[in-house]
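Notes follow once the structure below has been shown.
The values are calculated or read from the model by the stated rules, or taken from the named source; none is laboratory data. Please read all numbers here as calculations on a predicted model, not as lab measurements. Positions of Cβ are backbone-derived with ideal geometry, glycine not excepted, and every protein chain shown enters the neighbour counts.
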């Protein structure tokens, strides 16, 4: 998802009051850059895959939440398909305050609204479209908000609720690389050559693996053998 060091940055977007000829030249240069180095298509492909997986997880969790409340209303003890063991069980998480951080608006509905945007952005990149700078800013704000929310939920579910939601973990799994991939691309474009920025955009896969490793280690240390029993 991150290009190597020998890949130059994409063309710089002209000012808003630039002429049509300048915008056409920018668009053509952007398309040529994408065709030659394939960076946009790689990221676009990932955004589509991540978006589809994230959307599926959000829909599945929403259906499980509906099933949970239906069973409660019928006087039954809820039995959900996402119950793997005593620790990995969304039934232990689904009715907590953390599952609806915006009051009565369940977290999965955020995913149902947000992941299609990610998918659409990926489709644009695969189609050879060069999104404007503000599109990228919007995407960056979105993935940054997502990683902050995911990180908070990881802490809450692990150390406060003491349970893990399988569909939530699927969301974690696609949000982490999406954040690093988008951030790496934007740093390459807007901070090309900056030493600190290069620590990210030159080694995006390393940050992804490191992020996964930290989360897995913290979860494993906290739950121990209960995680697999």
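Of the residues 182, 204, which is touching a helix residue (DSSP H, G or I) at 6+ places or on another chain (Cβ under 8 Å), farther than 19 Å from residue 55 by Cα and either free of Cβ contacts under 8 Å to residues at least 40 places away in the same chain or buried (at least 17 other Cβ atoms within 10 Å of the Cβ) (or both)?
Details: 182 fails: farther than 19 Å from residue 55 by Cα.
The conditions single out 204.
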Count - residues of segment 211-229 that are without any contact (Cβ under 8 Å) to a residue 12 or more places away in the chain and closer than 11 Å to residue 180 by Cα
0
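Which residue is surrounded by the fewest Cβ atoms within 10 Å (Cβ to Cβ), if the candidates are limited to segment 124-148 and must be over 20 Å from residue 26 (Cα atoms) and in contact with a helix residue (DSSP H, G or I) (Cβ under 8 Å, 6 or more places away or on another chain)?
Going through the qualifying residues, I end up with 144.
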Tell me which residues, restricted to segment 67-90, are over 18 Å from residue 164 (Cα atoms) and surrounded by 15 or more Cβ atoms within 10 Å (Cβ to Cβ).
67, 71
Of the conditions (1) at pLDDT below 95; (2) in contact with a helix residue (DSSP H, G or I) (Cβ under 7 Å, 6 or more places away or on another chain); (3) over 30 Å from residue 11 (Cα atoms), residue 34 satisfies every one except a single condition; which number is it?
(3)
Would it be correct to say that residue 177 is farther than 22 Å from residue 201 by Cα and modelled with pLDDT of 90 or more?
no
Which number in (1) under 19 Å from residue 112 (Cα atoms); (2) more than 17 Å from the chain's Cα centre (by Cα); (3) surrounded by 14 or more Cβ atoms within 10 Å (Cβ to Cβ) marks the one condition that residue 59 misses?
(2)
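Can you go through 153, 187, 164 and tell me which one is buried (at least 19 other Cβ atoms within 10 Å of the Cβ) and in contact with a strand residue (DSSP E or B) (Cβ under 6 Å, 6 or more places away or on another chain)?
164
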Do we find a residue being closer than 17 Å to residue 56 by Cα and more than 11 Å from the chain's Cα centre (by Cα) anywhere in segment 173-189?
no
